[in-house]
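The values are calculated or read from the model by the stated rules, or taken from the named source; none is laboratory data. Being a predicted model, the structure only gives us computed values, none of them experimental. Heads up, the Cβs are rebuilt from the backbone with ideal geometry, glycines too, and the neighbour counts pull from every protein chain shown.
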Amino acid sequence: MDFDLPDDVRAMKKKAREFAVREFTPEIAAKFDEEENYPDDIRRKAFSEGYIDMSNPWGMLVAMEEFCRVDAGLGLSAIVPAFGSEVVMLFGSEEQKKNYLEPVMRGEKISGFAITDSGAGSDVAGISATLQKVDGGDYLLNGQKTFITNGAIADHFYLLARSSPAMPDKRHRGLTMVVVESRMEGFRATQLKGKLGMRATNTAELTFNNVRIPAANVIGEEGRAFYYVMTFFNISRIYVAAQALGIAQGALDRLKSYIASLKASGRPIASLESTQFLVAEVASRVEAARLLTYRAASYLFKFNPDPVATSIAKYYAAETATYAVTRVLEFMGADGITTDLERAYRDAKIMEIWEGTSEVEKLIIARMIDQREDAR
Ligand SMILES: Cc1cc2nc3c(=O)[nH]c(=O)nc-3n(C[C@H](O)[C@H](O)[C@H](O)COP(=O)(O)OP(=O)(O)OC[C@H]3O[C@@H](n4cnc5c(N)ncnc54)[C@H](O)[C@@H]3O)c2cc1C
């Protein structure tokens, strides 16, 4: 068992840290958070420096961690333009890869992943958007999706809809994934503003009014998309764990520099021992979150994903982010709520909600923990 990252991954991590410190200045991070605008220039720079490269998943993972360590809203925005692309990479046709994956990998287009609708978030099989077959094998898409990342800026979406009625005990069947282009007639996106955190990311509500979807845009097999979505979550949750880990590490960084500034200014520190305890408690959890995240990633990147390890990493790292930011904010008192830690406090909470809430992760862990191979 080797706990060290390979040299090339460590080099990428260092480079990503330097990029984030250089590009995500406190002024820029505050501006995008306040204005709730997507930082397209930062996306372009991140792309040109090689951070969006699905052939280098470890590189993307450690870049996500280091970016979010400095600022999670900008950090995610820089890496999220390819959101959902794993689905077409794993289950799409050659033509779909050429039309949709390759332009994203060239930095020319942005993708999104549209599952949640207003009636169903955690309960994926409960979605109500529909696909109805029409003459010639095409489909008409009707319905709505909400809280869709990249919603108002993406060129296309990998979208889940119901293509045959739900059977009471087999609701996961009859769900189909299609590629929907934002330029298709009947498509509308409305940006959602006023989110608690991650405000530099673009989030929108999408509506579909008789959008005609060519049969060639069905990903994989009709009716089998529940399986594709779960496969995707086993990948994306590891990247959310890395976002959360970055936020937690960022809180620890801020704690250490705050203590150093207190010492330098001669301001009294309540109790040196309790301060050391706080550093140790936060640092220990950050370290545990890092080990869990890298362990889940190493299974996945060796093509042997472990859903339990993934859910544990996502659940633990997300809770560590809120724990770390809260503890540090409390220690800093009024100084905490007037610095960029305030933004991290808001960003951290989102980690416990998207890509599977903490409750959903716990249900997966509890249901599957006994089914794992003993070898783990
Ligand atoms: C900023 C942001 C961006 C997002 N981006 C996307 C995106 O790009 N694409 C997309 O498809 N979705 C996206 N989402 C939606 C996100 O995935 C959902 O919010 C999430 O799945 C939870 O669904 P929900 O909000 O409907 O909450 P609900 O599912 O209604 O859950 C509400 C509460 O009930 C709990 N709960 C639910 N089911 C159970 C259960 N069985 N047992 C115990 N407790 C339960 C939950 O844990 C939660 O506390 C985004 C959300 C946010 C906030």
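Some notes on this structure:
- Matching option when the condition is in the same structural domain as residue 217 (by TED's automatic domain parsing) and either touching a Cys at 6+ places or on another chain (Cβ under 8 Å) or within 15 Å of the ligand (Cβ to nearest atom) (or both), among 163, 128: 128
- Cross-chain or 6+ apart pairs with Cβ under 6 Å, the range 203-221 first and surrounded by fewer than 18 Cβ atoms within 10 Å (Cβ to Cβ), then not in a loop (DSSP other than H, G, I, E, B): 207/144; 207/188; 210/140; 215/137
For every residue, the table says whether it meets (1) touching a residue at least 12 places away in the same chain (Cβ under 8 Å); (2) surrounded by 14 or more Cβ atoms within 10 Å (Cβ to Cβ); (3) in the same structural domain as residue 244 (by TED's automatic domain parsing).
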{"position": "16", "(1), (2), (3)": "yes, yes, no"}
{"position": "21", "(1), (2), (3)": "yes, no, no"}
{"position": "44", "(1), (2), (3)": "yes, no, no"}
{"position": "51", "(1), (2), (3)": "yes, yes, no"}
{"position": "88", "(1), (2), (3)": "yes, yes, no"}
{"position": "91", "(1), (2), (3)": "yes, yes, no"}
{"position": "97", "(1), (2), (3)": "no, yes, no"}
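- Helices (runs of 4 or more DSSP H) contained entirely in the range 291-376, each with at least 1 residues that are surrounded by fewer than 21 Cβ atoms within 10 Å (Cβ to Cβ) and either within 16 Å of the ligand (Cβ to nearest atom) or within 18 Å of the chain's Cα centre (by Cα) (or both): 307-332, 341-351, 358-368
- Residues of the range 87-125 satisfying the condition of being among the small types (Gly, Ala, Ser) and within 16 Å of the ligand (Cβ to nearest atom): 111, 112, 114, 118, 119, 120, 121, 122, 125
- Only listed residue being touching a Ser or Thr at 6+ places or on another chain (Cβ under 6 Å) and buried (at least 24 other Cβ atoms within 10 Å of the Cβ), chosen from 118, 77: 77
- Filtered by the rule that a residue be surrounded by fewer than 20 Cβ atoms within 10 Å (Cβ to Cβ), assigned to a strand (DSSP E or B) and touching a residue at least 60 places away in the same chain (Cβ under 8 Å), the range 132-146 gives 140, 142, 144, 146.
- A residue that is in contact (Cβ under 8 Å) with a residue 24 or more places away in the chain, among the β-branched types (Val, Ile, Thr) and within 27 Å of residue 241 (Cβ to Cβ) can be found somewhere in the range 285-305.
- In the range 170-186, the residues that are within 24 Å of the chain's Cα centre (by Cα) and either within 16 Å of the ligand (Cβ to nearest atom) or under 23 Å from residue 342 (Cβ atoms) (or both): 172, 175, 176, 177, 178, 179, 180, 182
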